[in-house]
Amino acid sequence: MHLRSFTASLFSFILINLSNAQWNTKDFMKREHSLIKPYYGSGIDIPFWQFTGNTIVTPNHIRLTDDSQSKRGALWNSVPVSVRHWDLQVQFKVHGKGKDLFGDGFAIWYAKEPMVDGTIFGSKDYFQGLAIILDTYSNHNGPHNHQHPYISAMINNGSLHYDHDRDGTHTQLAGCEAKFRNMDYDTHLSVKYEGDVLTVSTDIENKAAWKECFQVKGVKLPTGYFVGLTATTGDLSDNHDIMSVRLFELDSPNNQIDEDRSNIVPSATFFEPPRDHIEDPKPSSLSGIKIFLLMLLGSIAVVACVVIGIMFYQKHQEKSRKRFY
Ligand SMILES: [Ca+2]
């Protein structure tokens with residue numbers, strides 16, 4: 001073999017391997033589902049994205065709400081996600097003047113219906129899909145088992161209602177506390193959906209590493225839904241800023257051939273038992289009967305004791321009388 005052709009074949013061999021290596025790379029970013037700065041002033045479209053409400057576009061971030069009352073902002077990807085396994089990474093910043101009182105928070109969506117106004121952090125209730133909720137304000141005045149801010153996941157087939165009064169604890173799959181507010185450095189969240197396993201991780205401690213918030217197995221989501229980010233303020237407020245969104249396509253686990261998921265309904269086999277499900281005190285008929293029966297038994301026992309006591313006393317008296325006479 002000539003040195004020249006040998007060099008050429010060696011070169012092509014390296015090239016083929018390089019391209020193979022590239023195809024095997026797990027982190028394959030989908031540009032049509034990603035949002036990377038710089039952004040341009042409002043009025044100019046962002047490719048692949050739509051926004052509504054009070055959303056403000058600046059070169060460095062997209063502000064879903066500013067730190068003022070009764071605002072709502074939404075940012076939705078206009079291309080449905082066709083990949084089956086993905087990792088959605090969001091760089092965000094939630095900050096404001098409030099030291100103890102702030103809200104309400106924001107939500108990251110993988111939902112059937114984008115751009116629909118509603119009551120769940122700026123999108124519709126009874127939705128179909130997945131919501132990752134970053135709730136900064138605790139609406140629940142009763143006993144809470146967790147602190148806020150709190151990150152939780154909800155899967156909905158369109159039939160479930162998100163209950164703000166209980167901070168969604170009755171419908172959440174899982175959750176974790178996460179102090180992501182008013183940080184000087186960048187804060188990140190990863191929503192990974194790979195082989196029916198949903199994993200939510202955070203990077204909010206400036207360590208440039210993911211820390212698992214929770215993982216739930218048995219989550220079934222269809223393809224063809226939309227990625228969205230929405231936020232609201234009410235009486236309390238915060239700036240809810242999105243710096244970037246990146247969706248990476250992941251290889252299917254074990255490289256198996258995936259079934260068609262385009263027409264399934266979202267479902268989850270595992271729901272967390274409601275942790276704050278402490279009912280407000282109200283009269284219960286069952287416990288009323290129980291209390292009545294217990295009191296009745298108690299009275300009978302007391303009467304019986306008194307009667308037996310009197311009988312003993314009388315017998316004792318009789319005995320002592322016999323002794324004296
Ligand atoms: Ca809340």
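Can you list the HN-Hα couplings for the range 261-272, worked out from phi with the Karplus curve (6.51, -1.76, 1.60; θ = phi - 60°), rounded to whole Hz and with x for Gly and Pro?
Result, rounded to whole Hz: 10, 6, 10, 7, 9, x, 8, 9, 7, 10, 10, 5.
What's the ranking of 109-116, 249-256 by average number of surrounding C-beta atoms within 10 Å, highest first? Write out the running numbers ahead of the final one.
Numbers: 109-116: 21.2, 249-256: 11.8.
Packing order, densest peptide first, comes out as 109-116, 249-256.
Just to check I understand the Karplus step: with θ = phi - 60° and J = 6.51 cos²θ - 1.76 cosθ + 1.60, what whole-Hz values come out for the range 233-245, glycine and proline as x?
In residue order, the calculated couplings are 10, x, 5, 9, 8, 6, 7, 10, 10, 10, 8, 7, 9 Hz.
Could you report the range 25-268's accessible area per residue, 1.4 Å probe, as an integer in Å²?
The answer is 43 Å² per residue.
Work out from phi, with θ = phi - 60° and the Karplus expression 6.51 cos²θ - 1.76 cosθ + 1.60, the ³J(HN,Hα) of each residue of the range 151-166, listed in order in whole Hz, and give x for Gly and Pro.
10, 9, 10, 9, 10, 9, 9, x, 9, 9, 9, 7, 9, 4, 4, 10
Would you grab the residues whose amide H sits under 5 Å from the one on M183? Only those 5+ places off in sequence or on another chain, please, with H modelled 1.01 Å from N.
V94
Would you pull out the residues with amide H under 5 Å of N54's amide H, same chain only if 5 or more places away, H placed 1.01 Å from N?
The list, which skips near neighbours in sequence, is R72, G73, A74.
Search the structure for amide H atoms under 5 Å from the amide H of F28, placed 1.01 Å from N in the peptide plane, and list their residues when 5 or more places away or on another chain.
Those lying under 5 Å, H to H, from F28 are E249.
Within a Cβ distance under 12 Å of F102, other residues only, what is the Lys/Arg minus Asp/Glu net charge?
Overall, the nearby charge balance is -3.
Based on the mean of other beta carbon atoms within 10 Å per residue, what is the order of 226-233, 66-73, most packed first?
Averaged packing, sorted descending, gives the order 226-233, 66-73.
Once Rh is set to the Kirkwood radius over Cα pairs, what Stokes-Einstein translational diffusion coefficient, in µm²/s, holds for the range 128-279 at a temperature of 10 °C and a viscosity of 1.306 mPa s?
94
Across bins of 5 angstrom width beginning at 0, how are the C-alpha pair distances of the range 25-268 distributed, in whole percent?
1, 7, 15, 19, 22, 18, 11, 5, 2, 0, 0
By per-residue mean of other Cβ atoms within 10 Å, what is the highest-first order of 208-219, 296-307?
208-219, 296-307
Find out how many positive minus negative residues lie around D125, taking Lys and Arg as positive, Asp and Glu as negative, among other residues whose Cβ is under 12 Å from that of D125.
Neighbour charge sum, excluding D125 itself: -2.
Would you mind checking the pairs K99/K179; K37/K192; K30/K124; K93/K124; K30/K220; K97/K179 and listing those with alpha carbons more than 19 angstrom apart?
Check vs 19 Å cut-off fails for K37/K192; K30/K124; K93/K124; K30/K220.
The values are calculated or read from the model by the stated rules, or taken from the named source; none is laboratory data. Keep in mind the model is a prediction, meaning the values are calculated, not measured. Using ideal geometry, Cβ is built from the backbone for each residue, glycine included, and neighbour counts are taken over all protein chains shown. Note: areas computed on protein heavy atoms with side chains; ligands, DNA, RNA excluded. Shrake-Rupley method; radii C 1.70, N 1.55, O 1.52, S 1.80 Å.
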